[in-house]
Amino acid sequence: MSEVSFPRQQARTRRFTLGIPRAFTPLVGPDGPAVLFLRSDGGDDPVTHLWRHDPATGRTDRLVDARHLGPDDDAIPPEERARRERAREQAAGIVSYEVDADGTVAAFALGGRLHTVDLATAAVATHPTAGPAFDPRPSPDGRWIAYHAVDGLHVVALEDGPGRPGRTRALIVEDGVSWGRAEFIAAEEMGRDRGFWWSGAGDRLAVARVDERAVPAWTIADPANPATPATIHRYPAAGTRNAEVSLWLVDVADGARTEVVWDRDRDEYLAAVRWGDDPLTLLVQPRDQRTARVLTAEASSGRTTEVHAWRDEAWVELVPGAPAWAGRRLLTVEDRPQLGDGGTRVLCLDGTPVTPAGLQVRELLSARTGTDGDGAAVGAPEVVVEVLASPADDPTRIDPYSIEVVGDGSVRVWSATAGEGPGVRRRVPGRPTRGGAATPPPWVEVTSVPDRPTPTVTVGWRAPDADGAERLHVHALEVLAQRPQVVARPRLLRVGDRQLATALLLPTDDDGRGRLPVLLDPYGGPHAQRVLAANQAYLTPQWLADQGFAVLIVDGRGTPGRGPRWERAVHHDLATPVLADQLAALQAVAALEPRLDLERVAIRGWSFGGYLAALAVLRHPEVFRAAIAGAPVTDWRLYDTHYTERYLGHPAEQPEAYRRSSLVDERGHLPGAVAWGAAPPALLLIHGLADDNVVAAHTLRLSSALLADGRAHQVLPLSGVTHMTPQEVVAERLLTSQVAFLRQALA
C-alpha cells in the first residue's frame with residue numbers, strides 16, 4: 001500500500017471496516033453450536049459473504065459466496081437502498097441476513113433476489129418473488145420466509161425444505177400505502193429498522209402499515225444530470241405531519257388481519273415492537289417524547305394493555321434492546337436524573353432500578369430467566385441480563401456487564417472485562433434453540449483498545465469435557481482489515497471545570513518545537529461520541545495532525561456516556577452549551593500545551609459537526625480563522641420531527657429555541673452572528689446533492705444568507721453524493737481538498 005495515500009486507503013477500505021467480521025448470530029442449533037457472521041475477503045474488498053464458525057473446533061468456513069449469486073447492484077429496491085443509507089451501510093454483497101429460531105435456515109436478499117441457505121448442508125436456494133425483495137425474515141419454525149416487495153408484504157412457503165425453491169404469494173398489499181417496512185424517522189432516529197415481526201408459533205405476523213400520503217413531498221434532484229427525473233422523498237420536517245403508522249396482526253394462512261389498537265392520537269410514534277415467544281409488546285411515545293409506554297397486545301383481539309410507563313420533563317431516551325422480557329419480568333432502561341452526580345441511565349426490572357448510580361447503560365443485549373423452578377439452588381439468580389455500559393469514572397470506555405437479580409431482591413453487577421484496561425467492547429450474546437439446549441450458546445466479543453488500530457474478534461463457548469468438567473473454548477476470528485498507514489497517538493484528557501473528554505493529536509514527527517495551528521474536529525451533538533478508548537477512532541485525525549496541525553476532539557454537553565443531565569443540557573438550545581464547551585476545551589488544552597497557536601484556529605465537521613463548525617465562525621470569528629462545514633443542519637425547521645422536536649420542541653410552541661439554535665432564520669437572516677472584521681474567517685460549505693437526510697437546502701439557504709450579508713465563503717457541491725461519502729475518489733479528494741483549504745486559510 002506504500003504507493004497509495006492514506007486518504008485513498010481510507011476511502012478504499014471504507015474507513016478500515018472491510019475485512020472485519022460483523023453481524024454475528026451465535027446459536028446452538030440442531031448440529032451443535034455455531035456462529036454465523038459476515039465478512040469480506042480482504043481489507044479493500046467490499047463484497048461481504050456469509051460465514052460459519054464452529055466454536056468447538058475453531059474452524060471457520062464460508063457458508064455462502066455472494067459472488068456466485070450474481071451482482072448486488074443490479075436491482076436493489078429503493079427500500080433497501082434507503083435502509084442502507086439509514087444504517088450507514090457501505091459494503092456490498094450480503095449485508096444482512098436473518099435466521100429461524102432453531103438455527104436451520106438463513107434468509108437474505110442480494111440484488112433484490114431472495115435466497116435461503118440450509119445451515120446444515122449449505123445448500124442455497126433462490127426463490128421467486130413479486131418484485132425486488134427487501135428484508136426477508138424466516139418464521140421461527142423455518143416454514144415461511146416473509147419479505148417486503150412492491151410496497152406490500154409477501155411470503156414464500158418452504159414446505160420442501162430450506163435449500164429448495166418455494167412458492168411466493170402476496171400476504172397484504174394496498175394501493176397508496178406501504179406494509180412491512182420502517183418509515184424514515186423510525187429507521188433514522190428511533191433505531192427501528194424493520195416493519196414486521198413473527199409470532200412464536202410462526203402462524204401470524206405483526207405488520208406495520210405506513211401511510212405517508214400526508215407527509216410533505218420533497219424532491220431530491222441531480223442538477224448535474226437534468227435529464228434524470230427527480231426522486232420524491234416524503235420528509236417529515238419539524239412541525240409538519242408524520243407518517244401514520246399502525247400495527248396489524250396478519251394470519252399467514254388466509255391473510256386475515258386484526259388491528260392492534262392503542263391511542264394513536266396520543267402516542268403517534270411506534271418506537272419498538274417485540275414478539276416471538278414473549279407477549280406482543282409495543283413501545284409507543286407521544287409527539288413530545290416526554291413519555292414512553294410499554295403495551296402488550298392480545299393476539300386474538302388486538303386490544304392493548306399498558307403495563308409500564310415513565311416520563312421525563314425533557315424527553316425519554318430510546319435505548320437499543322429495550323424493552324425486553326425475562327419470563328414475566330419486564331426490563332426497561334430509564335433515566336434517573338436524581339441518581340448520581342449527573343443522573344444515571346439505569347436498567348429497571350418492573351420499573352425498579354437494579355444497576356448502580358453512575359453506571360450508564362447504553363444497550364440491553366439479552367435477558368433470560370436464571371432458574372428452572374423448584375430445583376434451583378438457594379441464592380440462584382431469577383433474572384440474568386447482559387448490557388453494554390460506561391463506568392461512572394470513564395465515559396470513553398464501553399464494557400459488557402452482567403446483572404443477576406436474586407429472589408430476595410439482591411443484585412449482583414459484574415463486568416466481563418474487569419481489569420482488562422480501557423477499551424470499547426461489543427458483546428453479542430448467543431441464543432439456544434427454542435426448545436433449549438444441553439449447553440449454553442456461544443458468544444462473540446469485538447474489542448477495540450487505544451493502542452491497536454484493528455479490533456480483535458473472539459468467540460467464547462463453555463461446554464463440558466468428557467469427564468464432565470466445564471471448559472471454556474476461546475477462538476479468534478480472522479480479521480482481514482488493512483493496517484492503516486498512520487499510527488494514531490491520541491492523548492486522552494479531561495479538561496476544564498466540566499472535565500470535558502478531549503483527545504489531542506500532534507504530528508507524528510513533532511520535534512517539540514515551534515507553534516502549531518489548531519484544528520478542532522468535533523461532532524459535538526447528541527447520540528455520537530468521538531472521544532473513545534479505541535485507536536481506530538483517531539486514524540483520520542492523526543493523518544490531519546501529520547499535515548502540520550494540533551488536532552483537538554471534544555465531547556461536550558449533549559454527547560452520550562455521561563448521564564441524563566449532561567445530555568439534557570442542550571434542551572431547547574443546541575448551540576450555546578455545545579459551542580461553549582468547544583471554546584472551553586480549546587483554552588484548557590492550550591494551557592497544558594502552550595505550543596498551540598491560538599491565532600491560527602480552525603474547525604471542521606460533518607452533519608452536526610458541520611453545523612457546529614459553521615456556528616463557530618458565525619458566533620466567534622475572533623477565535624476561529626477558518627471552518628469547513630460538511631452537510632450542516634443550518635435551519636432546524638428543515639430537519640426531521642423526531643430528532644429536532646426531541647431537543648427543541650415543536651416550532652410553533654418553541655420559536656425562540658429554533659431562533660437560538662439555527663444559523664438561518666425564516667427571513668434569511670443570520671441570528672446570533674457576529675460581524676466579521678477586516679480579516680474575516682474563511683468558510684467552506686460542502687454538501688452532497690443527493691442527501692435525503694440533511695438536504696442540500698440547508699447549505700444553499702446558508703450560502704444565500706451569507707451572500708446577502710456580504711460574507712465571503714466557498715461552496716463545494718457533490719453531485720450524486722448522499723449523507724455518506726462512500727465513493728472512493730470523492731472521499732479521498734474531500735480530505736486533500738480540506739487540508740489545502742486550511743493551509744491557505746491559516747497561512
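Relative contact order, whole percent, for the chain stands at 10, derived from Cα pairs under 8 Å and 6 or more residues apart. The residues packed around Asp341, meaning those with a beta-carbon under 13 Å from its beta-carbon, carry a net charge of +3 if Lys and Arg are +1 and Asp and Glu are -1.
Maximal additional length on extending the Ala675-Arg241 stretch stands at 152.5 nm, based on 0.36 nm per residue less the C-alpha distance.
Put simply, region 678-747 fits an ellipsoid with semi-axes of 23, 18, 6 Å; these come from the alpha carbon gyration tensor as the roots of five times its eigenvalues, largest first. For region 17-146, the alpha-carbon coordinates run over 40, 36, 26 Å along the three principal axes, in decreasing order. Amide H contacts under 5 Å for Leu716: Leu685, Ile686, His687, restricted to partners 5 or more places along the chain or on a different chain, H placed in the peptide plane at 1.01 Å from N.
The share of C-alpha pairs in the chain whose separation exceeds 42 Å stands at 28 percent. When the Cα convex hull of region 491-746 is projected onto planes of every orientation, the mean area is 13.3 nm². Its DSSP H runs of at least 4 residues, each contributing -39,500 (n - 2.57), put the calculated 222 nm mean residue ellipticity of the chain at -4000 deg cm²/dmol, to the nearest 500. Please find the FRET efficiency linking Ala466 to Arg88, where r is the Cβ-Cβ separation and R0 is fixed at 60 Å, and quote it to the nearest 0.05. According to the calculation, E is roughly 0.80. With both labels modelled 7 Å from their Cα along Cα-to-Cβ, the Ala123 to Ala416 distance reads 3.5 nm. Among beta bridges from DSSP that stay inside region 491-746, the antiparallel ones total about 30%. For region 203-245, trypsin sites (Lys or Arg not before Pro) meeting the loop criterion (DSSP other than H, G, I, E, B) and having at most 12 other Cβ atoms within 10 Å: Arg213. Annotation: amide H of Gly327 within the under-5 Å range of Thr369, sequence separation 5 or more or interchain, hydrogens built in the peptide plane. Placing R0 at 56 angstrom, the Cβ-Cβ distance between His473 and Val715 gives a FRET efficiency of 0.50 after rounding to 0.05. To one decimal place, what orientation-averaged projected area in nm² is obtained for the convex hull of the Cα set of region 612-747? So the Cα hull casts an average projection of 8.5 nm². Once both labels are positioned 7 Å from their Cα atoms along Cα-to-Cβ, the gap between Ala201 and Val177 label points is 2.5 nm. For region 644-713 versus region 2-70, the spacing of their alpha-carbon centroids is 42 Å.
Projected label points at Arg67 and Asp341, each 7 Å from Cα along the beta carbon direction, are separated by 5.4 nanometres. Among His642, His308, the ranking by other beta carbons within 10 Å of each residue's beta carbon, starting with the fewest, stands as His308, His642. Extension gain, Glu259 to Ala580: 0.36 nm times the residue separation minus the Cα-Cα distance gives 110.6 nm.
In the chain, the DSSP beta bridges split such that about 85 percent are antiparallel, to the nearest 5. Across all Cα atoms of region 82-159, the radius of gyration (one decimal) and Dmax (whole number) stand at 12.2, 36 Å.
Is any residue of region 625-659 close enough, with backbone N under 18 Å, to a label point placed 7 angstrom from the Cα of Ala528 along the Cα-Cβ axis, and if so, which? Of the residues in region 625-659, 627-648 have backbone N under 18 Å from the label point off Ala528.
I need the P(r) histogram for region 474-547: all alpha carbon pairs, bin width 5 Å from 0 out to the longest distance, whole percents. Pairs per bin, as whole percents: 3, 13, 21, 21, 17, 12, 7, 4, 2, 0.
Taking θ as phi - 60° and the Karplus parameters 6.51, -1.76 and 1.60, the scalar couplings of region 215-231 work out to 6, x, 8, 9, 10, 10, 10, 10, x, 6, 9, x, 7, 7, x, 5, 9 Hz in sequence order, x denoting glycine and proline. Using the Karplus relation 6.51 cos²θ - 1.76 cosθ + 1.60 with θ = phi - 60°, the per-residue 3J(HN,Hα) values for region 199-210 come to 6, x, 7, x, 9, 9, 10, 8, 10, 7, 9, 10 Hz, with x marking Gly and Pro.
Taking amide hydrogens as placed 1.01 Å from N in the peptide plane, the amide H of Ala146 sits under 5 Å from those of Arg137, Ser139, Val156, each at least 5 positions away in sequence or on another chain. Placing +1 on the Cβ of every Lys and Arg and -1 on the Cβ of every Asp and Glu, with no other charges, gives the chain a dipole of roughly 1480 debye about its Cα centre.
Throughout, read-outs are computed from the coordinates displayed, never taken from laboratory work. Computed from a predicted structure; not experimentally measured. Cβ atoms come from the backbone with ideal geometry, glycine included; neighbour counts cover every protein chain shown.
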